[in-house]
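In what follows, a single structure is set out as structure tokens and then discussed.
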Amino acid sequence: MAIRWIALRIIQEIIRDRRTMAFFLLVPIVVMTLIYYALLEDEKAKLGVVTRGVARFYEYPLVSVIEEDEDIEIVSLDIPDKETDPAELDRLIMEEMKKGKAHGILYMDQQLLSERFAGERGAIHIYLEGSRPTSTAAIFSSIAEAMDDLTETMPVVIDAECSAKCANSVNIKAIEIKKHYLYGSEDYRLIDYFLPVFPTFFVFFFTFIISTITFQRERVRGTLERLLIAPVSFSQIILGYISGFIIFSSVQALIIIGYILALIQISFTPHQLFALGVTLFLIMIVALTMGLLASFMAMNEFQAIQFIPLVILPQIFLSDMIWRIESFPLVFQWISYGLPLTHANIISRKVMLQNQSLWENWPQLLSLGGFFLFFMLVMSLVALKRNKNN
Amino acid sequence: MLKIEGLTKRFGKLTAIDNLNLNIPEGLKFGLLGPNGSGKTTLLRMITGLIEPTHGKITLFGKWTPTSRMIRRRVGYMPQQTAVYPGLTVSENIRFFGRIYGLSGRPLEDRLNDILELVELGDKKKEVLSNLSGGMVRRVLLATALIHNPPLLILDEPTAGVDPVLRLKFWDWVDLLVKQGVSIIITTHHISEAERSDQVVFLREGKIIQQGKPFDIMKRFQANNLEAAFVRSTNLK
Ligand SMILES: Nc1ncnc2c1ncn2[C@@H]1O[C@H](COP(=O)(O)OP(=O)(O)OP(=O)(O)O)[C@@H](O)[C@H]1O
Ligand SMILES: [Mg+2]
């Protein structure tokens, strides 16, 4: 009997709290959708091809093999055909990758041909953007495989008169593959790509949770009301909260950064660490205001707690942390720009992996500042409305 | 000191305070009595500026709507709910509210010691609140409302859940404060203890049904205590 009454009470309470009901029923669908697209993984590495004078011999056969590869998409580049100076080509190729046109560019010129005819190995050049280890690996393995096919099917005959008799007359040496990295190096591992977004995520995650709960407690206890009628302004209360949290978030951030420096196999300059620090500070104050807003929007503790997965889960999937945002449908890509963590992750990666300066990422810095002001404004409006009506 | 004119507060369809007029002079113990849900807390929250009236006007210390900092400093509010920090010690709690009200240094410490003495918590000052009894926490709550020495003290059910001995003490403290020149507005369920007020108001469904000196009201209803008078007045319609 008792069991029945307890069950009934739970059912009544949950049905009455409509937001909890909606949450309970809808969130799994949302999360499953996110997981579905995250793991669908139809992303392709973008490869550009630049050749000078070897189109017939190498480019066409090679490209036709690579095109079969499902992980690779051949893209066209903005490099003028008449440009033949190797140094200038080198610069243009790097430029294209900086712009994000391709994750890798294959370059071959006549030197390859002449070396092959001279019985040497010859070399092709792969330029790699390098910050996305998965793309780098896909491009590299695809080209290597295609090259293997090619050297077997298209032996270069050096001495036509002595073709079959003397093995040396046919150049079956494997072509050398020379790699040029825009960012990183060959030692750069997959994990190194992910490590820079750990600090931003953890600082966001914990600050959001702690500020939601602490502020909710302050409201439920009634101490917030006492502060509101004390001779302090609302912004002083909020700034007080921020200052109080900064100490703990900073210690936490230091521990995370220290640990990551120990794990990651890249060395960093003081500027990079400073830039990461600034980014963490920004994401912290954004998380803090979001937490305060969540606790103001919640009617009770239960609803406040629900905001945690509601805010955190989409950011895990859509902030380009682990899964590439390009593999999601367009709508999700738009949503992604509405998530603060997306912007923080962009800065963190650009600064840590591509050694960009902090100020080069001004659009993202501006966005984070904008998020802070926006949440601050909405929170003040919600808070004022709450207090006038209650 | 406090003047209320045509004050109305509606929560949706419910009218919690209904066209109320009231004048409270300085230096009094003013008792606000009424059954549960009669609108006592709502009225006090409007006086402190926590909620806005639907209609009407509140004039406090000669200023219309009590929201300016100058006025806020002059009001001490002890809410019905135990709104203090359970993780902090007794002195930390009191000191915090003192600082929020602009006190610091020597004056704050002196005032803190005076207040701890008044509410008889000197020996518990280093104790964390979660280790104290309910009655002790009520005393801390009173202390946090008093720390900045406000000329007007608003007490919402200070004696709720407090044993009879401590209840008497609360009223002794109130008497002491009034002697020091503090004006006090106090609500309570324990009607008889309000006999010690200078003036009382009976509130029902957001309206004033009786007002005057406790003794006069008792006489009016031929009752020998205020509680009987209260019951008789609420039976009237
Ligand atoms: N925020 C609110 N929203 C809706 N209704 C409210 C709100 N606050 C109070 N009320 C209603 O206003 C009426 C007066 O409530 P109030 O808390 O002022 O009563 P009270 O006299 O203090 O009662 P008690 O003696 O139980 O403390 C009640 O009917 C209550 O339900
Ligand atoms: Mg009340």
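Figures for the structure shown
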{"read-out": "Translational diffusion of segment B:160-237, µm² s⁻¹ [Kirkwood Rh, Cα pairs; Stokes-Einstein; 25 °C; 0.890 mPa s]", "value": "183"}
{"read-out": "Crossing angle, helix A:86-98 versus chain A [Cα axis fit, 0-90 degrees, rounded to tens]", "value": "20"}
{"read-out": "Taking segment A:165-323 and dividing mean pair separation by its residue count, relative contact order in percent (alpha carbons under 8 Å, at least six apart)", "value": "42"}
{"read-out": "Extension gain (nm, one decimal) between A:I308 and A:I10, 0.36 nm per residue minus Cα-Cα", "value": "105.1 nm"}
{"read-out": "Segment A:1-147 - share of DSSP beta bridges that are antiparallel (%, nearest 5)", "value": "30"}
{"read-out": "Estimated FRET transfer efficiency (A:Y259, B:R73; beta-carbon r; R0 56 Å; 0.05)", "value": "0.70"}
{"read-out": "Label point distance in nm, A:R189-A:A137, each placed 7 Å from Cα along Cα→Cβ", "value": "1.2"}
{"read-out": "On Cα atoms only, tilt of A:362-389 relative to the major axis of chain A in degrees", "value": "20"}
{"read-out": "Set of aspartates and glutamates with alpha-carbon distance to B:K29 below 17 Å, sequence-local pairs under 8 removed", "value": "B:D156, B:E157, B:D172, B:D175, B:E193, B:E195, B:D198, B:D216"}
{"read-out": "Sparse-neighbourhood loop sites, trypsin sites (Lys or Arg not before Pro) in segment B:122-192 - DSSP loop, at most 10 other Cβ within 10 angstrom", "value": "B:K126"}
{"read-out": "Exposed GluC sites (Glu not before Pro) absent: longest stretch of chain B, with sites in DSSP loops and at most 14 other Cβ within 10 Å deemed exposed", "value": "B:121-237"}
{"read-out": "Only Lys, Arg (+1) and Asp, Glu (-1) charged, at Cβ; segment A:191-389 dipole about Cα centre in debye", "value": "540"}
{"read-out": "DSSP loop trypsin sites (Lys or Arg not before Pro) with at most 15 other Cβ within 10 Å excluded, longest remaining stretch of chain A", "value": "A:190-323"}
{"read-out": "Computed FRET value (nearest 0.05) for B:H189 with B:K219, which takes r as the C-beta separation and R₀ as 25 Å", "value": "0.60"}
{"read-out": "Gained length - B:I208 relative to B:L88, 0.36 nm times residue gap less alpha-carbon distance", "value": "39.2 nm"}
{"read-out": "The protein assembly as shown - share of DSSP beta bridges that are antiparallel (%, nearest 5)", "value": "45"}
{"read-out": "Amide H within-cut-off set for B:G212, under 5 Å, with H built and near neighbours excluded", "value": "B:V200"}
{"read-out": "Rg/Rg_globular for the protein assembly as shown, with Rg_globular taken as 2.2 N^0.38 Å and Rg from C-alpha atoms", "value": "1.46"}
{"read-out": "Net length gained if the chain between A:L377 and A:W334 were fully extended (0.36 nm per residue, minus Cα distance)", "value": "13.2 nm"}
{"read-out": "Debye, to nearest 20: dipole size of the protein assembly as shown, +1 on Lys, Arg Cβ, -1 on Asp, Glu Cβ", "value": "5240"}
{"read-out": "At 1.002 mPa s and 20 °C, Stokes D of segment A:191-389 from Kirkwood alpha-carbon radius, µm² per second", "value": "122"}
{"read-out": "Of B:K169/B:K207; A:K82/A:K178; B:K179/B:K219; B:K40/B:K207, those spanning more than 20 Å from alpha-carbon to alpha-carbon", "value": "B:K169/B:K207; A:K82/A:K178; B:K179/B:K219"}
{"read-out": "Amide H contacts under 5 Å for B:K207, placed H, 5+ residues apart", "value": "B:D18"}
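Every number here is computed from the coordinates shown, using simple stated rules; none is lab data. All figures in this text were calculated on a predicted structure; none of them were measured in a lab. With ideal geometry, Cβ positions are generated from the backbone for all residues, glycine too; neighbour counts draw on all protein chains shown.
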